[in-house]
Amino acid sequence: MFKRILPALFMASLPMAAMASLDVEELRVDKAKAEFPDVANRYQGFVTGLQEKLAAGNEEKQVTQMTAAQGIRLWQQAVRDVQSGNIDDRSLYWARLAMRSHLKTSPAGYNIVPWQRDILVRAVEAASRGFSDIQFGDDVQIRILLTGFDPFFLDRNIQQSNPSGITALMLDGYKFKVGGKQAQIETVMIPVRFADFDQGMIESLLTPFYRKRSISAVFTVSMGRDDFDLERFPGRNRSAEAPDNLNVLTGASKTRPIAPMLNGKTLNGDEFVEFSLPASVMQAAPGSYKINDNHKVTTLSKGSFEARSLSELYNETSVEGSGGGYLSNEISYRAVLLRDQFGLKIPVGHIHTPKVAGYDAEAGKAIAEQVRAMVELAASTL
């Protein structure tokens with residue numbers, strides 16, 4: 001069972017009804033606005049607009065459509081801002097949480113019940129993460145999906161950024177020519193929450209593309225270590241003793257790895273899978289950081305070692321994949337496992353970016369540009 005750490009953030013300033021409905025992420029919003037208001041309030045107009053439209057709405061379907069549209073506009077504005085030089089993923093994150101808070105607590109123009117508020121929250125979540133904005137041009141032959149992550153470990157540093165999120169915003173909609181073919185990157189932002197993974201978010205995102213054979217490559221991206229790491233062998237199990245953004249702990253550890261769930265059942269798959277990215281080609285991408293083809297894994301019986309092939313991992317119990325024992329490893333595992341279940345041969349795998357402490361626009365931009373170079377080189381092999 002999950003364990004929850006309960007922070008006491010601004011509880012006294014909220015009415016009891018609001019305290020009962022806002023979650024741990026949403027309760028951090030006031031602190032963010034106090035500590036770095038220019039960032040946390042950058043998209044306040046979207047938040048206020050949503051609140052006003054909710055109060056003026058008088059019909060459930062209309063309000064749901066309006067909420068989703070406002071979420072899409074927020075996503076598109078964040079993309080435009082980053083691509084115009086405002087290299088920051090945090091404003092999108094905090095605006096989304098502010099929108100969620102208002103959808104849970106603000107007055108509506110009709111007799112809205114809690115389950116209807118839940119629908120509105122899910123609508124703004126999906127739309128403001130780019131899930132509703134994946135649109136490949138009719139002239140595109142190489143369709144690439146890339147995922148980034150929200151900022152995380154925010155109780156350590158509430159001003160933390162995530163270069164994978166910057167990368168997703170910078171590369172959304174990016175088109176380029178390679179080998180006489182038109183290529184395009186579309187991106188989405190993934191939450192740092194175990195429950196979303198257990199409820200099948202990654203499978204729901206990827207299944208339509210895999211089923212229709214309508215995607216050429218999938219790159220999952222997250223913040224990692226000192227260099228870039230291409231994570232060769234994702235593992236099935238969770239083992240990180242670290243909370244998600246809701247301060248949920250899984251109870252897993254390196255001595256007690258735990259398999260994740262998928263829609264109420266244990267995720268069924270081999271202990272390890274192997275990515276299919278063209279690593280040697282991608283390692284030639286120019287930029288400020290070294291790019292490693294990371295083979296390191298951890299198993300219960302052998303501990304940590306450099307795996308030479310997938311075959312030597314068949315009888316092992318995974319503790320950490322090449323990407324670790326947290327959600328960055330897990331998104332890669334799920335993406336590769338699902339591709340294999342559909343019998344596809346397309347490149348799918350994970351890029352761990354160099355880590356940043358807090359926020360560093362220059363580093364974020366350099367990281368995103370080097371990821372772009374890696375993806376372009378990988379596309380040349382398609």
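Of the trypsin sites (Lys or Arg not before Pro) in the stretch 122-181, the ones in a loop by DSSP (not H, G, I, E or B) with at most 14 other beta carbons within 10 Å are Arg156. Each other residue within a Cβ distance under 12 Å of Gly321 adds +1 if Lys or Arg and -1 if Asp or Glu, for a net charge of -3. In summary, the lysines within cross-link reach of Lys181, defined as a Cα separation below 25 angstrom excluding same-chain residues under 8 places away, comprise Lys212, Lys345.
The listed residues Ser328, Ser84, Ser132, Ser204, once ranked by accessible area (1.4 Å probe) with the largest placed first, stand as Ser84, Ser204, Ser132, Ser328.
The residues packed around Pro163, meaning those with a beta-carbon under 14 Å from its beta-carbon, carry a net charge of -4 if Lys and Arg are +1 and Asp and Glu are -1. Based on Cα contacts under 8 Å between residues 6+ apart, the chain shows a relative contact order of 19 percent.
Shown here is the pair-distance distribution of the chain: with all Cα-Cα distances grouped in 10 Å bins from zero up to the longest one, the shares run 5, 23, 33, 26, 11, 2, 0 percent.
The shape of the stretch 15-91 comes out oblate: with a ≥ b ≥ c from the C-alpha gyration tensor, a/c is at least 1.5 while a/b does not beat b/c. Computed from the alpha carbon atoms alone, the convex hull of the stretch 283-382 holds 131 Å³ per residue. Taking every C-alpha pair closer than 8 Å and separated by at least 6 residues, the mean separation divided by the residue count of the stretch 250-362 gives a relative contact order of 27 percent.
At 1.4 Å probe size, with the rest of the protein present, what percent of the exposed accessible area of the stretch 254-382 is carbon and sulfur atoms? Ligands and nucleic acids excluded, carbon and sulfur reach 48 percent.
Under the criterion of Cα pairs below 8 Å and six or more residues apart, the relative contact order for the stretch 100-208 equals 26 percent. Across the stretch 245-256, computed HN-Hα scalar couplings (Karplus, 6.51 cos²θ - 1.76 cosθ + 1.60, θ = phi - 60°) run 6, 9, 6, 8, 10, 7, x, 7, 7, 6, 9, 9 Hz from first to last residue, x flagging Gly and Pro. Between the amide H of Gly235 and those of Gly321, Ser322, Gly323, distances stay under 5 Å, these residues lying 5 or more places away or on another chain, with hydrogens modeled in the peptide plane. Please report the base-10 log of the normalised intensity I(q)/I(0) for the stretch 135-204, using a Debye sum with one equal scatterer per alpha carbon and no solvent, at each q in 0.23 (1/Å). Each listed q corresponds, in turn, to -0.98.
Under a 5 Å amide H cut-off, with hydrogens placed 1.01 Å from N, Val178 pairs with Ala183 among residues at least 5 apart or on other chains. Given Lys175/Lys365; Lys175/Lys355; Lys296/Lys355; Lys33/Lys53; Lys290/Lys355; Lys177/Lys365, which pairs have Cα atoms separated by over 20 Å? Listed pairs above 20 Å: Lys175/Lys355; Lys33/Lys53; Lys177/Lys365. Looking at the stretch 151-261, the accessible area is 32 square angstrom per residue; that uses a 1.4 Å probe and ignores ligands, DNA and RNA. For the stretch 115-193 versus the stretch 264-316, the spacing of their alpha-carbon centroids is 24 Å. For the stretch 66-151, the convex hull drawn through the C-alpha positions has a volume of 121 cubic angstrom per residue. Note that the stretch 315-329 has calculated 3J(HN,Hα) couplings of 9, 9, 9, 6, 10, 9, x, 4, x, x, x, 10, 5, 5, 5 Hz, one per residue in order, obtained from phi through the Karplus relation 6.51 cos²θ - 1.76 cosθ + 1.60 (θ = phi - 60°); glycine and proline are x. Of the chymotrypsin sites (Phe, Trp or Tyr not before Pro) found in the stretch 108-144, the ones in coil according to DSSP and having at most 16 other Cβ atoms within 10 Å of their Cβ are Tyr110. What percentage of the solvent-accessible surface of the stretch 96-202, computed with a 1.4 Å probe over protein heavy atoms, is contributed by carbon and sulfur atoms? Carbon and sulfur atoms account for 48 percent of the accessible area of the stretch 96-202.
Near Ala285: Cβ cut-off under 14 Å, other residues only, Lys/Arg at +1 and Asp/Glu at -1. The net charge is -3. The alpha carbon gyration tensor of the stretch 165-296 gives principal lengths a ≥ b ≥ c with a/c of 1.5 or higher and a/b greater than b/c, which makes the shape prolate. Summarising the amide proton neighbourhood of Asp150: residues at separation of 5 or more, or on other chains, whose placed amide H is nearer than 5 Å comprise Ile190, Val192.
For Lys61, the aspartates and glutamates whose Cα falls under 14 Å of its own Cα, not counting residues fewer than eight places away in the same chain, are Asp118.
The values are calculated or read from the model by the stated rules, or taken from the named source; none is laboratory data. Keep in mind it's a predicted model, so treat the numbers as computed, not measured. Note: ideal-geometry Cβ built from the backbone for every residue, glycine included; neighbour counts use all protein chains shown. To get the accessible areas, we keep the full protein, side chains included, count just its heavy atoms, and leave off ligands, DNA and RNA. Shrake-Rupley method; radii C 1.70, N 1.55, O 1.52, S 1.80 Å.
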